[in-house]
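The values are calculated or read from the model by the stated rules, or taken from the named source; none is laboratory data. Computed from a prediction, not measured in an experiment: that's the story for all the values here. Please note: Cβ atoms are built from the backbone with ideal geometry, for glycine as well, and neighbour counts cover all protein chains shown.
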Amino acid sequence: MSQHDQAIRHDWRLEEVQALFDLPFNDLMFRAQTVHRRYHDPNAVQVSTLLSIKTGACPEDCKYCPQSVRYDTGVEREALMELERVLDAAGKAKDAGATRFCMGAAWRSPKGKDLVRVAEMISQVKAMGLETCATLGMLDDEQTRTLKEAGLDYYNHNLDTSEEFYGEIITTRSYQDRLDTLERVRDAGMNVCCGGIVGMGESTEDRASMLRTLANLPEHPQSVPINQLVQVAGTPLAGVEQVDPIDFVRTIAVARILMPRSHVRLSAGRTEMADETQALCFLAGANSIFYGEKLLTTGNPDVDNDRALFRRLGLSFEGEKCAAAPAEPQQAAQA
Ligand code: SAM
Ligand code: DTB
Ligand code: SF4
(Lines give C-alpha, C1' and ligand atoms only; values in the text may rest on other atoms or scores of the structure.)
(Ligands and ions follow the chains in the order given, each with its own letter.)
Protein backbone atom coordinates (compact mmCIF):
# COMPACT_ATOMS: atom_id res chain seq x y z
CA MET A 1 0.00 0.00 0.00
CA SER A 2 1.47 3.37 -0.99
CA GLN A 3 2.54 6.03 1.54
CA HIS A 4 -0.10 8.32 0.03
CA ASP A 5 -2.98 5.94 0.51
CA GLN A 6 -6.06 8.19 0.61
CA ALA A 7 -7.79 5.95 3.18
CA ILE A 8 -5.09 6.66 5.79
CA ARG A 9 -6.30 9.97 7.16
CA HIS A 10 -5.30 12.05 10.16
CA ASP A 11 -7.81 14.85 9.65
CA TRP A 12 -11.10 13.35 10.74
CA ARG A 13 -13.76 15.81 11.86
CA LEU A 14 -15.98 14.87 14.78
CA GLU A 15 -19.14 15.14 12.65
CA GLU A 16 -17.72 12.66 10.14
CA VAL A 17 -16.95 10.14 12.87
CA GLN A 18 -20.35 10.70 14.43
CA ALA A 19 -21.95 10.10 11.02
CA LEU A 20 -20.25 6.69 10.86
CA PHE A 21 -21.75 5.78 14.24
CA ASP A 22 -25.16 6.90 12.93
CA LEU A 23 -25.09 4.70 9.80
CA PRO A 24 -27.56 1.85 9.53
CA PHE A 25 -25.80 -1.13 11.13
CA ASN A 26 -25.55 -3.12 7.89
CA ASP A 27 -24.02 -0.18 6.02
CA LEU A 28 -21.49 0.38 8.82
CA MET A 29 -20.53 -3.29 8.87
CA PHE A 30 -20.15 -3.37 5.09
CA ARG A 31 -17.83 -0.37 5.15
CA ALA A 32 -15.78 -1.77 8.02
CA GLN A 33 -15.47 -5.20 6.41
CA THR A 34 -14.50 -3.64 3.07
CA VAL A 35 -11.68 -1.67 4.72
CA HIS A 36 -10.67 -4.71 6.75
CA ARG A 37 -10.29 -6.94 3.69
CA ARG A 38 -8.21 -4.35 1.90
CA TYR A 39 -5.55 -4.26 4.62
CA HIS A 40 -5.74 -7.56 6.53
CA ASP A 41 -6.30 -11.28 6.24
CA PRO A 42 -10.00 -11.36 7.26
CA ASN A 43 -9.65 -14.73 9.01
CA ALA A 44 -6.46 -14.23 11.02
CA VAL A 45 -6.43 -12.91 14.58
CA GLN A 46 -3.35 -11.78 16.48
CA VAL A 47 -3.21 -13.23 20.02
CA SER A 48 -1.52 -11.63 23.01
CA THR A 49 -1.29 -12.95 26.56
CA LEU A 50 -1.31 -10.61 29.56
CA LEU A 51 0.51 -10.94 32.86
CA SER A 52 0.27 -8.61 35.83
CA ILE A 53 3.88 -8.29 36.96
CA LYS A 54 3.04 -5.80 39.73
CA THR A 55 -0.46 -5.99 41.14
CA GLY A 56 -2.56 -3.63 43.28
CA ALA A 57 -2.04 -0.57 45.49
CA CYS A 58 -1.85 1.86 42.57
CA PRO A 59 -1.97 5.51 43.70
CA GLU A 60 -4.12 6.63 40.73
CA ASP A 61 -7.90 7.00 40.96
CA CYS A 62 -9.12 5.51 37.63
CA LYS A 63 -12.76 4.80 38.49
CA TYR A 64 -12.91 1.57 36.49
CA CYS A 65 -9.84 -0.03 37.98
CA PRO A 66 -9.76 -2.80 40.61
CA GLN A 67 -6.08 -2.03 41.28
CA SER A 68 -6.46 1.50 42.61
CA VAL A 69 -5.53 1.73 46.28
CA ARG A 70 -8.55 3.98 46.79
CA TYR A 71 -11.19 1.29 46.21
CA ASP A 72 -11.90 -1.77 48.29
CA THR A 73 -12.00 -4.50 45.63
CA GLY A 74 -10.22 -7.36 47.38
CA VAL A 75 -7.19 -7.16 45.06
CA GLU A 76 -4.13 -7.81 47.25
CA ARG A 77 -0.99 -5.70 46.91
CA GLU A 78 1.89 -7.71 45.42
CA ALA A 79 5.54 -6.83 44.90
CA LEU A 80 7.17 -6.76 41.45
CA MET A 81 7.26 -10.36 40.23
CA GLU A 82 10.49 -12.35 40.11
CA LEU A 83 12.05 -12.85 36.67
CA GLU A 84 11.72 -16.64 36.77
CA ARG A 85 7.95 -16.48 37.31
CA VAL A 86 7.56 -14.07 34.42
CA LEU A 87 9.58 -16.31 32.10
CA ASP A 88 7.58 -19.33 33.20
CA ALA A 89 4.30 -17.55 32.34
CA ALA A 90 5.74 -16.37 29.01
CA GLY A 91 6.77 -19.94 28.13
CA LYS A 92 3.26 -21.22 28.86
CA ALA A 93 1.72 -18.41 26.78
CA LYS A 94 3.99 -19.27 23.86
CA ASP A 95 3.17 -22.99 24.11
CA ALA A 96 -0.54 -22.12 24.05
CA GLY A 97 -0.05 -20.20 20.78
CA ALA A 98 0.34 -16.55 21.85
CA THR A 99 2.73 -14.48 19.74
CA ARG A 100 2.93 -11.44 22.03
CA PHE A 101 3.41 -11.24 25.79
CA CYS A 102 2.16 -8.12 27.57
CA MET A 103 3.44 -7.23 31.02
CA GLY A 104 1.31 -4.85 33.09
CA ALA A 105 2.15 -2.97 36.27
CA ALA A 106 -0.19 -1.04 38.60
CA TRP A 107 2.00 2.06 38.63
CA ARG A 108 1.42 5.75 37.99
CA SER A 109 4.91 5.56 36.44
CA PRO A 110 7.92 3.28 36.96
CA LYS A 111 10.29 4.16 39.82
CA GLY A 112 14.03 3.70 40.36
CA LYS A 113 15.47 0.24 39.94
CA ASP A 114 12.12 -1.35 39.11
CA LEU A 115 12.52 -0.35 35.48
CA VAL A 116 15.90 -2.09 35.22
CA ARG A 117 14.22 -5.28 36.40
CA VAL A 118 11.39 -4.87 33.89
CA ALA A 119 13.96 -4.21 31.13
CA GLU A 120 15.57 -7.56 31.94
CA MET A 121 12.17 -9.28 31.76
CA ILE A 122 11.58 -7.71 28.35
CA SER A 123 14.89 -8.79 26.86
CA GLN A 124 14.55 -12.34 28.16
CA VAL A 125 10.93 -12.72 26.99
CA LYS A 126 11.99 -11.40 23.59
CA ALA A 127 14.83 -13.93 23.49
CA MET A 128 12.17 -16.66 23.80
CA GLY A 129 10.84 -15.60 20.40
CA LEU A 130 7.82 -13.65 21.63
CA GLU A 131 6.91 -10.08 20.77
CA THR A 132 6.97 -7.94 23.89
CA CYS A 133 4.54 -5.35 25.19
CA ALA A 134 4.56 -3.46 28.49
CA THR A 135 2.11 -1.14 30.23
CA LEU A 136 3.74 0.60 33.17
CA GLY A 137 2.05 4.01 33.33
CA MET A 138 3.57 7.37 32.35
CA LEU A 139 7.15 7.43 31.05
CA ASP A 140 9.84 10.12 30.93
CA ASP A 141 12.46 10.33 28.16
CA GLU A 142 15.07 8.25 29.91
CA GLN A 143 12.64 5.51 30.86
CA THR A 144 11.40 5.36 27.29
CA ARG A 145 14.99 4.96 26.07
CA THR A 146 15.64 2.17 28.58
CA LEU A 147 12.62 0.24 27.31
CA LYS A 148 13.58 0.75 23.68
CA GLU A 149 17.12 -0.46 24.39
CA ALA A 150 15.73 -3.55 26.13
CA GLY A 151 14.03 -4.38 22.81
CA LEU A 152 10.43 -3.56 23.74
CA ASP A 153 8.19 -3.94 20.69
CA TYR A 154 4.95 -2.31 21.93
CA TYR A 155 4.06 0.08 24.73
CA ASN A 156 0.42 0.13 25.88
CA HIS A 157 -0.92 3.39 27.24
CA ASN A 158 -4.62 4.04 26.75
CA LEU A 159 -6.54 7.28 26.33
CA ASP A 160 -9.40 5.37 27.97
CA THR A 161 -12.13 7.82 26.87
CA SER A 162 -12.73 11.21 25.23
CA GLU A 163 -10.95 14.32 26.45
CA GLU A 164 -14.40 15.73 27.34
CA PHE A 165 -15.45 12.77 29.55
CA TYR A 166 -11.98 12.06 30.96
CA GLY A 167 -12.40 14.20 34.11
CA GLU A 168 -15.34 12.02 35.17
CA ILE A 169 -13.08 8.96 35.24
CA ILE A 170 -9.58 10.01 36.33
CA THR A 171 -8.41 13.08 38.23
CA THR A 172 -4.84 12.14 39.15
CA ARG A 173 -3.32 12.62 35.70
CA SER A 174 -4.37 14.64 32.69
CA TYR A 175 -5.27 13.76 29.13
CA GLN A 176 -2.21 15.74 28.04
CA ASP A 177 0.01 13.57 30.31
CA ARG A 178 -1.22 10.58 28.36
CA LEU A 179 -0.63 12.21 24.99
CA ASP A 180 2.90 13.16 26.12
CA THR A 181 3.78 9.56 27.00
CA LEU A 182 2.38 8.39 23.66
CA GLU A 183 4.54 10.95 21.85
CA ARG A 184 7.68 9.76 23.65
CA VAL A 185 6.97 6.13 22.77
CA ARG A 186 6.25 6.99 19.14
CA ASP A 187 9.33 9.20 18.81
CA ALA A 188 11.52 6.44 20.27
CA GLY A 189 10.38 4.21 17.41
CA MET A 190 8.36 1.73 19.45
CA ASN A 191 4.93 0.53 18.37
CA VAL A 192 2.10 2.25 20.18
CA CYS A 193 -0.78 0.27 21.66
CA CYS A 194 -3.50 2.72 22.59
CA GLY A 195 -7.26 2.51 22.92
CA GLY A 196 -9.95 2.84 25.52
CA ILE A 197 -12.93 1.52 27.41
CA VAL A 198 -16.57 1.42 26.35
CA GLY A 199 -19.39 1.17 28.92
CA MET A 200 -18.32 3.71 31.55
CA GLY A 201 -21.46 5.84 31.08
CA GLU A 202 -19.99 7.83 28.19
CA SER A 203 -22.09 9.03 25.23
CA THR A 204 -21.73 7.96 21.61
CA GLU A 205 -20.20 11.37 20.99
CA ASP A 206 -17.50 10.54 23.58
CA ARG A 207 -16.73 7.30 21.75
CA ALA A 208 -16.53 9.21 18.47
CA SER A 209 -14.28 11.84 20.05
CA MET A 210 -11.88 9.27 21.53
CA LEU A 211 -11.56 7.42 18.21
CA ARG A 212 -11.06 10.71 16.40
CA THR A 213 -8.21 11.64 18.76
CA LEU A 214 -6.56 8.26 18.13
CA ALA A 215 -6.98 8.52 14.35
CA ASN A 216 -5.68 12.10 14.23
CA LEU A 217 -2.41 11.28 16.06
CA PRO A 218 0.65 11.78 13.81
CA GLU A 219 0.70 7.99 13.32
CA HIS A 220 -2.17 5.62 13.96
CA PRO A 221 -1.39 3.40 16.97
CA GLN A 222 -0.29 0.07 15.57
CA SER A 223 -2.56 -1.64 18.08
CA VAL A 224 -5.93 -0.26 19.26
CA PRO A 225 -7.45 -2.11 22.22
CA ILE A 226 -11.20 -1.57 22.66
CA ASN A 227 -12.14 -2.75 26.13
CA GLN A 228 -15.65 -3.29 27.39
CA LEU A 229 -15.72 -2.19 31.02
CA VAL A 230 -15.29 -5.15 33.37
CA GLN A 231 -17.40 -4.06 36.31
CA VAL A 232 -15.61 -4.86 39.55
CA ALA A 233 -17.42 -4.59 42.89
CA GLY A 234 -15.92 -1.81 45.00
CA THR A 235 -14.96 0.42 42.05
CA PRO A 236 -17.08 3.56 41.52
CA LEU A 237 -18.21 2.25 38.12
CA ALA A 238 -19.66 -1.00 39.43
CA GLY A 239 -23.38 -0.97 38.57
CA VAL A 240 -23.17 1.58 35.74
CA GLU A 241 -25.56 0.86 32.84
CA GLN A 242 -24.10 -1.77 30.56
CA VAL A 243 -23.32 -1.01 26.96
CA ASP A 244 -25.66 -2.38 24.28
CA PRO A 245 -23.66 -5.10 22.45
CA ILE A 246 -24.62 -3.58 19.09
CA ASP A 247 -23.17 -0.23 20.19
CA PHE A 248 -19.98 -2.01 21.24
CA VAL A 249 -19.73 -3.61 17.78
CA ARG A 250 -20.29 -0.19 16.19
CA THR A 251 -17.31 1.17 18.15
CA ILE A 252 -15.10 -1.61 16.78
CA ALA A 253 -16.34 -0.95 13.24
CA VAL A 254 -15.64 2.79 13.44
CA ALA A 255 -12.15 2.12 14.85
CA ARG A 256 -11.50 -0.19 11.88
CA ILE A 257 -12.64 2.41 9.33
CA LEU A 258 -10.64 5.24 10.94
CA MET A 259 -7.43 3.24 11.40
CA PRO A 260 -7.32 0.79 8.47
CA ARG A 261 -3.82 -0.62 9.00
CA SER A 262 -3.98 -0.97 12.79
CA HIS A 263 -4.74 -4.12 14.67
CA VAL A 264 -8.01 -3.46 16.51
CA ARG A 265 -8.13 -5.57 19.65
CA LEU A 266 -11.34 -6.94 21.10
CA SER A 267 -9.90 -6.59 24.61
CA ALA A 268 -11.36 -6.83 28.12
CA GLY A 269 -14.97 -7.88 28.56
CA ARG A 270 -15.08 -11.03 26.41
CA THR A 271 -16.03 -13.22 29.40
CA GLU A 272 -19.31 -11.33 29.67
CA MET A 273 -19.88 -11.31 25.90
CA ALA A 274 -21.93 -13.78 23.86
CA ASP A 275 -20.04 -15.69 21.18
CA GLU A 276 -22.34 -14.05 18.62
CA THR A 277 -21.25 -10.56 19.79
CA GLN A 278 -17.63 -11.57 19.48
CA ALA A 279 -18.32 -12.93 15.98
CA LEU A 280 -19.83 -9.56 15.02
CA CYS A 281 -16.74 -7.81 16.43
CA PHE A 282 -14.50 -9.92 14.18
CA LEU A 283 -16.80 -9.14 11.24
CA ALA A 284 -16.53 -5.43 12.15
CA GLY A 285 -12.73 -5.67 11.83
CA ALA A 286 -11.38 -6.71 15.21
CA ASN A 287 -8.29 -8.81 14.54
CA SER A 288 -6.58 -9.20 17.89
CA ILE A 289 -7.56 -10.58 21.31
CA PHE A 290 -6.17 -11.25 24.75
CA TYR A 291 -5.78 -14.98 25.06
CA GLY A 292 -5.36 -16.90 28.30
CA GLU A 293 -7.52 -17.36 31.40
CA LYS A 294 -6.67 -14.06 33.04
CA LEU A 295 -6.43 -10.43 31.99
CA LEU A 296 -4.57 -8.58 34.78
CA THR A 297 -6.72 -9.28 37.84
CA THR A 298 -10.02 -10.36 36.24
CA GLY A 299 -11.04 -13.35 34.16
CA ASN A 300 -10.82 -13.95 30.42
CA PRO A 301 -12.38 -16.86 28.47
CA ASP A 302 -10.75 -20.28 28.84
CA VAL A 303 -8.26 -21.15 26.15
CA ASP A 304 -10.40 -24.17 25.19
CA ASN A 305 -13.45 -21.96 24.70
CA ASP A 306 -11.48 -19.59 22.50
CA ARG A 307 -10.14 -22.45 20.43
CA ALA A 308 -13.69 -23.76 19.99
CA LEU A 309 -14.91 -20.30 19.00
CA PHE A 310 -12.09 -19.91 16.49
CA ARG A 311 -12.98 -23.31 15.00
CA ARG A 312 -16.66 -22.36 14.70
CA LEU A 313 -15.71 -19.14 12.92
CA GLY A 314 -12.88 -20.61 10.82
CA LEU A 315 -10.41 -18.14 12.33
CA SER A 316 -6.71 -18.81 12.69
CA PHE A 317 -4.01 -17.42 14.95
CA GLU A 318 -1.98 -14.80 13.08
CA GLY A 319 1.66 -15.83 12.70
CA GLU A 320 1.02 -19.34 13.99
CA LYS A 321 -0.42 -21.44 11.20
CA CYS A 322 -3.01 -23.95 12.41
CA ALA A 323 -2.69 -23.23 16.14
CA ALA A 324 -6.46 -23.25 16.36
CA ALA A 325 -7.13 -25.60 13.46
CA PRO A 326 -9.65 -28.32 14.18
CA ALA A 327 -8.13 -31.59 15.33
CA GLU A 328 -11.49 -33.28 14.91
CA PRO A 329 -14.61 -32.61 12.82
CA GLN A 330 -16.43 -29.42 13.77
CA GLN A 331 -19.10 -30.14 16.35
CA ALA A 332 -19.59 -26.91 18.24
CA ALA A 333 -21.74 -25.41 15.49
CA GLN A 334 -24.56 -27.86 16.20
CA ALA A 335 -24.47 -27.21 19.96
N1 SAM B 1 -1.13 1.39 35.33
C2 SAM B 1 -0.89 1.48 33.95
C3 SAM B 1 -1.78 2.49 33.27
O4 SAM B 1 -2.85 2.79 33.75
O5 SAM B 1 -1.38 2.96 32.20
C6 SAM B 1 -0.98 0.16 33.21
C7 SAM B 1 -2.06 -0.85 33.57
S8 SAM B 1 -3.75 -0.34 33.38
C9 SAM B 1 -4.60 -1.63 34.22
C10 SAM B 1 -4.04 -0.59 31.65
C11 SAM B 1 -5.42 -0.36 31.10
O12 SAM B 1 -6.30 -1.41 31.49
C13 SAM B 1 -6.16 0.88 31.51
O14 SAM B 1 -5.73 2.02 30.85
C15 SAM B 1 -7.59 0.53 31.11
O16 SAM B 1 -7.86 0.93 29.79
C17 SAM B 1 -7.62 -0.99 31.23
N18 SAM B 1 -8.50 -1.42 32.33
C19 SAM B 1 -8.24 -1.39 33.65
N20 SAM B 1 -9.28 -1.82 34.37
C21 SAM B 1 -10.25 -2.14 33.48
C22 SAM B 1 -11.60 -2.64 33.62
N23 SAM B 1 -12.13 -2.87 34.81
N24 SAM B 1 -12.29 -2.88 32.50
C25 SAM B 1 -11.75 -2.63 31.28
N26 SAM B 1 -10.51 -2.15 31.10
C27 SAM B 1 -9.77 -1.90 32.18
C1 DTB C 1 -5.84 -2.96 27.66
O2 DTB C 1 -6.29 -2.09 26.89
N3 DTB C 1 -6.58 -3.82 28.36
C4 DTB C 1 -5.75 -4.66 29.18
C5 DTB C 1 -4.31 -4.22 28.80
N6 DTB C 1 -4.54 -3.12 27.91
C7 DTB C 1 -3.33 -3.91 29.83
C8 DTB C 1 -6.09 -4.62 30.62
C9 DTB C 1 -7.51 -4.99 30.95
C10 DTB C 1 -7.67 -5.04 32.43
C11 DTB C 1 -9.02 -5.51 32.86
C12 DTB C 1 -9.16 -5.49 34.35
C13 DTB C 1 -8.22 -6.39 35.09
O14 DTB C 1 -8.08 -7.58 34.71
O15 DTB C 1 -7.64 -5.96 36.09
FE1 SF4 D 1 -3.39 2.41 38.35
FE2 SF4 D 1 -3.40 1.81 35.77
FE3 SF4 D 1 -5.39 1.00 37.39
FE4 SF4 D 1 -5.21 3.57 36.78
S5 SF4 D 1 -5.59 1.88 35.33
S6 SF4 D 1 -5.55 2.72 38.84
S7 SF4 D 1 -2.99 3.84 36.67
S8 SF4 D 1 -3.29 0.37 37.46
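Return a yes/no flag: does segment 49-58 have any residue that is outside any loop (DSSP other than H, G, I, E, B), away from ligand 3 (no atom under 15 Å from the Cβ) and within 22 Å of the chain's Cα centre (by Cα). So far as segment 49-58 goes, yes, one or more of its residues are outside any loop (DSSP other than H, G, I, E, B), away from ligand 3 (no atom under 15 Å from the Cβ) and within 22 Å of the chain's Cα centre (by Cα). Looking only at segment 280-314, which residues are away from ligand 1 (no atom under 16 Å from the Cβ), surrounded by fewer than 20 Cβ atoms within 10 Å (Cβ to Cβ) and either acidic (Asp, Glu) or not in a helix (DSSP H, G or I) (or both)? GLU293, ASP302, ASP304, GLY314 - these are the residues of segment 280-314 that are away from ligand 1 (no atom under 16 Å from the Cβ), surrounded by fewer than 20 Cβ atoms within 10 Å (Cβ to Cβ) and either acidic (Asp, Glu) or not in a helix (DSSP H, G or I) (or both). Selection of segment 61-98 for residues being of a type in the set (Lys, Arg) and assigned to a helix (DSSP H, G or I) yields ARG85, LYS92, LYS94. Closer than 30 Å to ARG311 by Cβ, surrounded by 12 or more Cβ atoms within 10 Å (Cβ to Cβ) and at pLDDT 95 or above: is that true of ARG38 in this structure? The answer is yes for ARG38.
Is there a residue in segment 260-279 that is part of a helix (DSSP H, G or I), in contact with a Phe, Trp or Tyr (Cβ under 9 Å, 6 or more places away or on another chain), more than 15 Å from ligand 1 (Cβ to nearest atom) and under 30 Å from GLN18 (Cα atoms)?
Yes, that holds for at least one residue.
Any idea which of GLY151, GLY167, GLY199, GLY137 is on the phi > 0 side of the Ramachandran plot and more than 16 Å from ligand 2 (Cβ to nearest atom)?
GLY151
Does ALA255 count as within 23 Å of ALA215 (Cβ to Cβ) and in contact (Cβ under 8 Å) with a residue 12 or more places away in the chain? In short, yes. Within the option set LEU266, LEU258, being crowded, with 24+ Cβ neighbours inside 10 Å, in contact with a His (Cβ under 9 Å, 6 or more places away or on another chain), modelled with pLDDT of 95 or more and not hydroxyl-bearing (Ser, Thr, Tyr) holds for one residue only, LEU258. Within segment 190-210, being more than 16 Å from THR135 (Cα to Cα) and out of contact with any Ser or Thr (no Cβ under 6 Å at 6 or more places or on another chain) holds for GLY199, MET200, GLY201, SER203, THR204, GLU205, ALA208.
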